[in-house]
Amino acid sequence: MALYIVHCFLLALLPAVLAKKGDVIDITDDSWRDILQGEWMIKFYAPWCPACQKLQPEWKEFAEWGDDLNVNIAKVDVTAQPGLSGRFIITALPTIYHCKDGIFRKYQGSRTHKDFINFVNEKEWESIEPVSSWFSPDSLLMSGMSTLFQLSVWIRYCHNYFVEDIGLPVWGSYIVFGLMTLFLGLMLGLVLVFIADYLCPTKRQRPQGFAYPKNLSPEAARLLKEMEEEEEDQEEDGEAAGGDRSKENLRKRLGKS
């Protein structure tokens, strides 16, 4: 029994024993929110990028100081995580971000492990203007940008599937996407019409009243005044039908005059 307990204890300690100091943390679309807490240095790279390959040993050496500096050293492969590429607006490789409690700053200094250590240890990041809240990776705008990047990757995957696996010609794949876009546009248009009609229902058109001439003769003005008085009396008594007849009589009398 004692041997079994010792065996379980060693198995529990095994991950800690195998974990090496200075490991670089891989950030994915599912785990990226972890960097919103604490202090982080994140490198965005691509395996095919020569500059990224040159930076790799320096970044690994920098990671060895992560525990001493109390900073998390991470990396993001933009080829495997296109959503993060759009969320952080990665336009050049490699790109390095510093994050402190959800506030992001782009690193623009030299790319040696000593420069990275001084940047964190001396708090040089405080002199850099943080990323605007509009373009912060956790903002609604950047979340939409991430979705667009993921959608573009999905479209490219579908295109390759149509062309390579099914055997459709390239123009056939374009036709499929065109029809899909047309269908989605029609559905979205119908939804917007229903929403607009629900929020702003169309008012019933009222019948236009009789347009009286602007320049009335004294006799016509007197008749009009009499008609208005009759209408007021009929509204008080609730005799709407009589009012319609009075209007017809007045029109005839105005026509004669």
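The values are calculated or read from the model by the stated rules, or taken from the named source; none is laboratory data. On a predicted model such as this, the values are computed, not experimentally measured, just so you know. A quick note on method: Cβ atoms are made from the backbone with ideal geometry, for glycine too, and the neighbour counts reach across all protein chains shown. Just so you know, the surface numbers come from the protein's heavy atoms only, side chains and all, with ligands and any DNA or RNA stripped out. Shrake-Rupley method; radii C 1.70, N 1.55, O 1.52, S 1.80 Å.
What the table shows:
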{"read-out": "In Å², nearest 10: area of Val191 left accessible to a 1.4 Å probe", "value": "70"}
{"read-out": "Förster radius 22 Å - calculated FRET efficiency between Asp101 and Asp23 (Cβ-Cβ, nearest 0.05)", "value": "0.45"}
{"read-out": "Solvent-accessible area of Cys200 with every protein chain in place, 1.4 Å probe, in Å² to the nearest 10", "value": "100"}
{"read-out": "Accessible surface, 1.4 Å probe, highest first, among residues Met145, Met41", "value": "Met145, Met41"}
{"read-out": "Sequence of Thr112, Thr147 from largest to smallest accessible area, 1.4 Å probe", "value": "Thr147, Thr112"}
{"read-out": "The range 21-101: antiparallel DSSP beta bridges as a percent of all, rounded to 5", "value": "45"}
{"read-out": "Cα-based reach from Lys123 at 13 Å (exclusive), listing aspartates and glutamates while leaving out same-chain residues under 8 positions away", "value": "Glu39, Asp115"}
{"read-out": "Exposure rank, largest accessible area first [Glu126, Glu230; 1.4 Å]", "value": "Glu126, Glu230"}
{"read-out": "Estimated distance in nm for a label pair at Thr79 and Lys114, the labels positioned 7 Å out from Cα along Cα-to-Cβ", "value": "3.2"}
{"read-out": "Where labels lie 7 Å past Cα in the beta-carbon direction, separation of Asp30 and Ile195 in nm", "value": "3.1"}
{"read-out": "For the range 54-118 versus the range 187-202, the gap between their alpha-carbon centres in whole angstrom", "value": "47"}
